[in-house]
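The structure under discussion appears below in the form of structure tokens.
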2 protein chains.
Amino acid sequence: MITWKNMDTLASYQALKATKPVALAAAMSGENGAERVRSYTTPMGAGMDFNYGARPVDETILEALAKFAEEAQLTEKFAALYNGEVINTGEKRLVLHHLCRGQLGGDVIADGVNKREFYLGEQKKITEFVNKVHAGQITNAAGEKFTTVVQIGIGGSDLGPRAIYLALENWAKVEGCLKMKAEFISNVDPDDAAGVLSKIDVAHSLFVLVSKSGTTLETLTNESFVKDALIKAGLNPSNHMVAVTSETSPLAKSSDYLAAFFMDDYIGGRYSSSSGVGGCVLSLAFGPEVFAQFLDGAAEADELAKNADIRKNPALLDALIGVYERNVLGYPTTAVLPYSQALSRFPAHLQQLDMESNGKSVNRFGEPVNYATGPVIFGEPGTNGQHSFYQLLHQGTDIIPLQFVGFKNSQMGSDVVIQGSTSQQKLCANVAAQIMAFACGKEDTNLNKKFEGGRPSSIIIGEKLTPAALGALLAHFENKVMYQGFAWNLNSFDQEGVQLGKVLAKKVLAHDTDGALKVYSDLLNI
Amino acid sequence: MITWKNMDTLASYQALKATKPVALAAAMSGENGAERVRSYTTPMGAGMDFNYGARPVDETILEALAKFAEEAQLTEKFAALYNGEVINTGEKRLVLHHLCRGQLGGDVIADGVNKREFYLGEQKKITEFVNKVHAGQITNAAGEKFTTVVQIGIGGSDLGPRAIYLALENWAKVEGCLKMKAEFISNVDPDDAAGVLSKIDVAHSLFVLVSKSGTTLETLTNESFVKDALIKAGLNPSNHMVAVTSETSPLAKSSDYLAAFFMDDYIGGRYSSSSGVGGCVLSLAFGPEVFAQFLDGAAEADELAKNADIRKNPALLDALIGVYERNVLGYPTTAVLPYSQALSRFPAHLQQLDMESNGKSVNRFGEPVNYATGPVIFGEPGTNGQHSFYQLLHQGTDIIPLQFVGFKNSQMGSDVVIQGSTSQQKLCANVAAQIMAFACGKEDTNLNKKFEGGRPSSIIIGEKLTPAALGALLAHFENKVMYQGFAWNLNSFDQEGVQLGKVLAKKVLAHDTDGALKVYSDLLNI
């Protein structure tokens, strides 16, 4: 029997608050520190490891976190989710994105359909379509192959697929599987669509329109923008567009598209990269086999996320330590710092995933909570960030927990030896060095050169950023965010906070405003 | 006589803390709200306005901020800076980036040189070089024109120039002044250089190596990477490279470069976009005239930043309100939200500018401060962010002040009418709507749909994102950050916090480690 309770009503949470904080600099020093780093690690799928040696926990705190996880029934709640209970209480929906990657629990039958079969069926439809495009069986009107795919979507229909594409573009070049170059149009700013259109060859471009509801204003606007461009180029838009949407949307049965692929209300936008939202554009770009590898990596991480032993469940463990950092230690922000240029837009995706899921002030029953919930998430790739905002991370007045990601090998394999080491070795040496600099700091009689240390971090280490590794990485963070939502007793799957702005924007466009809103509208010449 | 004192020792700061906070939702409602928005605005150069109607101030607080500015001698300190005093106390350096754009005060003579003349002279050298490149007088060995420019730099040699290039690329396409496409290599991750090299035509590429010291490891490594590629292509690297560096650096007199352009120690990396660091690549990309317009816009904003009347000094006012939000209201983070896709990387540049300048825990004398200093800065363009992290901004448990930027007109002029409005109108309607949604919120008996409001923002409004507008925008934020540094009594111009990581990384590469650092090194296969 699952009960949903606010975190601060749990005895185990009060016990957690009463634990003694770790003196991280001391704990990470000497042979004890070495032993911590060796032992505080757990596999997270696709050959990667989650190492939490430099997070502010010890055996006592880990035991308190385990008791909290137990009392809060966190893995039971995850099981309820993947077995098809109505977890998205606000919108009265199931939460089923995991089913795109594997069958974690029993069959989920909803609306009379086995949902795993439904998602697999859509992936199969996409695969068949993509194979025809790649084989030149589906072409433009002149019978020429499509060379570019352009995703038109915003939010979850943009950030995840874009981050994944960029993460694998160079890998695919080297592997010889970059089938089509991908571009993305998202912003209602007309310069976004115009800019992308100015650099592609529309005659050889296939556009993927992604909107679950089929009513997202930005996306429909950009679709029109693109259609205009196609028509101006003497092309029939319906030969150049496919839709990814829900079966009930206005786009589903339209003859405006070469094909339509379906998702449903049980996959939220920010969790939709594993569905057709990511599957169509990424399969076109890299081939369906590559997307399948990505899903397999995610499935591995999902399986690990079921484990009730927090030390063998990296997503749960990461979530629990994050809650401890946020609520007990009081840190308001978390940075995601991949030491991989390919992951340049991955932090922006995690920013949405995390902040849109858990940036809430009411619990799943709509009652106010008395504790901090989701932190601000930001990040840029290392080593770039070291020459930028790391100054504040090291010596600023706030402590900001860090989530590093690193790979032993580069994607492209092209490298150069300078001063006795390769670039890849320099990259890895830097992330190792940063973890220790943040944790242990350095004394100096000149306080301007002193580093307090005590700044926690974890690192996810992989062999190489492959599709499978990326899938596991994505699933790890999705499951982490979901577990934090459970811990905070939130509904991580709705987003009521985005509604008011939409309503007011419509009023502005209808010139139905007064007061300050009218003044702003006038200032902006609307 | 200027005295440098910690903020909390000033009577005016204590008086500021004793003021009554503004009830923003009420203040922004009705005709009073309209009047606030109409009156709380000031020009910020290049035809733009800084509107602070929705920031949490009123007449009482503004007066308290003015008294604080006076007691802290903020404009006198700025005058000391632009008149050439040693403001960077840690490194015992002048701070002179303003001189690249104009003569704000008296002549600054340092090292026996009139510094304004020196910087102008370097700009002139760049202009002459660039004109020859564009005219086909400087070409590759085959006598063919260069078509691409690739900046090799990191941190301040990357983020600012990259953000500016992206901000003006589409504008330049439409204006017909995109002379060369620009790319950027920054990360020591070998996939960064390999990725860029895989998509350019090296035979027609000119590389701009940017390192003030001439010793930045990432940059020298990437230079070697590029040289290897040139040699493999049968090309002589010295025909394809220029350097931007200091006169004393090892690069300055090398025959490895077609030309060398100089900056000096009085221009910090994160403030260097106005110098040759930005000037060379941007002049090559857009022409020297465009870069001159950018500098003129910055100079306009700089002039405004001299005004002792805080209501006519947008940078100072923005800084003061930010200090009030950070220290009196206790908000730890600030978001920068440009409603302009062209400004997609501008927040990343401001993140460095702000967090590296003011992420400090000791004052300019190396003594600990007892108050919070620089906040975390993050941001993404709107409307994209609305479909992402805005959920937390609206309904999360922390309040995050917002800095909007919007333009009445698009850059490319290509647009489409859907549902009775253009995309540009939709874009502007959204930012207006967001300001009001954040400020005033909305009541709802369903607390999940309730918006607390009281979330402050300002907006910078311009006609169009032109080079001059961008220059003013950059200078505004530079001056704001500098004023906040003065208020917090920090040295905003050093970055000791980046040193420890460098030292430890060297140890890792030399295999001179033990304890936890050795374990991490092993885990990462170094």
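Among what's in segment A:322-341 and is among the aliphatic types (A, V, I, L, M) and open to solvent by 10 Å² or more (accessible area, probe 1.4 Å), pick the residue that is farthest from B:Phe378 (Cα to Cα).
A:Val328
Is one or more of the residues making up segment A:494-516 surrounded by 24 or more Cβ atoms within 10 Å (Cβ to Cβ) and touching a residue at least 24 places away in the same chain (Cβ under 8 Å)? Checked against the condition, which is being surrounded by 24 or more Cβ atoms within 10 Å (Cβ to Cβ) and touching a residue at least 24 places away in the same chain (Cβ under 8 Å), segment A:494-516 yields at least one hit. For segment B:229-275, residues that are under 30 Å from B:Asn491 (Cβ atoms) and basic (Lys, Arg) total 1.
From B:Ala285, B:Ala319, grab the single residue that is within 30 Å of B:Lys125 (Cα to Cα), open to solvent by less than 10 Å² (accessible area, probe 1.4 Å) and of a type in the set (A, V, I, L, M).
Values: B:Ala319 fails: within 30 Å of B:Lys125 (Cα to Cα).
Only one candidate qualifies: B:Ala285.
Here A:Thr127, A:Thr139 are screened, and the one residue that is open to solvent by 10 Å² or more (accessible area, probe 1.4 Å), within 23 Å of A:Gln293 (Cβ to Cβ) and of a type outside the set (Asp, Glu) is A:Thr127. Selection of segment B:435-468 for residues being crowded, with 22+ Cβ neighbours inside 10 Å and within 20 Å of the chain's Cα centre (by Cα) yields B:Ser457, B:Ser458, B:Ile459, B:Ile460, B:Ile461, B:Gly462, B:Leu465, B:Thr466, B:Pro467, B:Ala468.
Of everything in segment B:144-159, what is touching a Gly at 6+ places or on another chain (Cβ under 8 Å) and either surrounded by fewer than 18 Cβ atoms within 10 Å (Cβ to Cβ) or more than 21 Å from B:Leu99 (Cβ to Cβ) (or both)? Give them in sequence order. If you could, list the steps in order and put the result at the bottom.
Going residue by residue through segment B:144-159, those that are touching a Gly at 6+ places or on another chain (Cβ under 8 Å) are B:145, B:155-157.
Answer for segment B:144-159, where residues must be touching a Gly at 6+ places or on another chain (Cβ under 8 Å) and either surrounded by fewer than 18 Cβ atoms within 10 Å (Cβ to Cβ) or more than 21 Å from B:Leu99 (Cβ to Cβ) (or both): B:Lys145, B:Gly155.
Among the residues of segment B:353-371, which ones are closer than 23 Å to B:Ser457 by Cβ and either facing another protein chain (nearest Cβ under 7 Å) or modelled with pLDDT under 95 (or both)?
Filtering segment B:353-371 down to residues closer than 23 Å to B:Ser457 by Cβ leaves B:353-355, B:357-359.
The answer is B:Met355, B:Gly359.
Is it the case that segment B:407-420 has a residue that's out of contact with any Lys or Arg (no Cβ under 9 Å at 6 or more places or on another chain), within 27 Å of B:Thr41 (Cα to Cα) and surrounded by 24 or more Cβ atoms within 10 Å (Cβ to Cβ)? Checking segment B:407-420: not a single residue is out of contact with any Lys or Arg (no Cβ under 9 Å at 6 or more places or on another chain), within 27 Å of B:Thr41 (Cα to Cα) and surrounded by 24 or more Cβ atoms within 10 Å (Cβ to Cβ).
Of the residues making up segment A:113-163, those that are closer than 28 Å to A:Ala348 by Cα and charged (D, E, K, R) are A:Glu122, A:Asp158, A:Arg162. Residues that are of a type in the set (Val, Ile, Thr), facing chain A (nearest Cβ under 9 Å) and part of a loop (DSSP other than H, G, I, E, B) within segment B:416-465 comprise just one, B:Val416. State whether the residues of segment A:91-110 include one that is without any contact (Cβ under 8 Å) to a residue 40 or more places away in the chain, open to solvent by 30 Å² or more (accessible area, probe 1.4 Å), part of a strand (DSSP E or B) and farther than 20 Å from A:Leu316 by Cα. Checked segment A:91-110: at least one residue is without any contact (Cβ under 8 Å) to a residue 40 or more places away in the chain, open to solvent by 30 Å² or more (accessible area, probe 1.4 Å), part of a strand (DSSP E or B) and farther than 20 Å from A:Leu316 by Cα. Listed by position, the helices (runs of 4 or more DSSP H) enclosed by segment B:22-80 that each have at least 2 residues that are away from every other protein chain (no Cβ under 13 Å) and open to solvent by 60 Å² or more (accessible area, probe 1.4 Å) are B:59-71.
Would you point out the residue of segment A:372-406, among those that are open to solvent by 20 Å² or more (accessible area, probe 1.4 Å) and not charged (D, E, K, R), that is nearest to the other protein chains (Cβ to nearest Cβ)?
To start, the set of residues in segment A:372-406 that are open to solvent by 20 Å² or more (accessible area, probe 1.4 Å) comprises A:372, A:380, A:384, A:387, A:397-399.
Filter once more, keeping what is not charged (D, E, K, R): A:372, A:384, A:387, A:397, A:399.
Values: A:Ala372: 5, A:Asn384: 5, A:His387: 3, A:Thr397: 5, A:Ile399: 11 Å.
Within segment A:372-406, the match that is nearest to the other protein chains (Cβ to nearest Cβ) is A:His387.
Filter segment B:238-253 for residues that are in contact (Cβ under 8 Å) with a residue 24 or more places away in the chain and within 12 Å of B:Phe207 (Cα to Cα) and give the result. Within segment B:238-253, B:Asn239, B:His240, B:Met241, B:Val242, B:Ala243, B:Val244 qualify. In segment B:170-208, which residues are more than 9 Å from chain A (Cβ to nearest Cβ) and more than 30 Å from B:Ser410 (Cα to Cα)? Within segment B:170-208, B:Asp201, B:Val202, B:Ala203, B:His204, B:Ser205, B:Leu206, B:Phe207, B:Val208 meet the criteria.
The values are calculated or read from the model by the stated rules, or taken from the named source; none is laboratory data. Just so we're clear, the structure is a prediction, and the values are computed from it rather than from any experiment. Cβ atoms come from the backbone with ideal geometry, glycine included; neighbour counts cover every protein chain shown. For accessibility, only protein heavy atoms count, side chains too; no ligands or nucleic acids. Shrake-Rupley method; radii C 1.70, N 1.55, O 1.52, S 1.80 Å.
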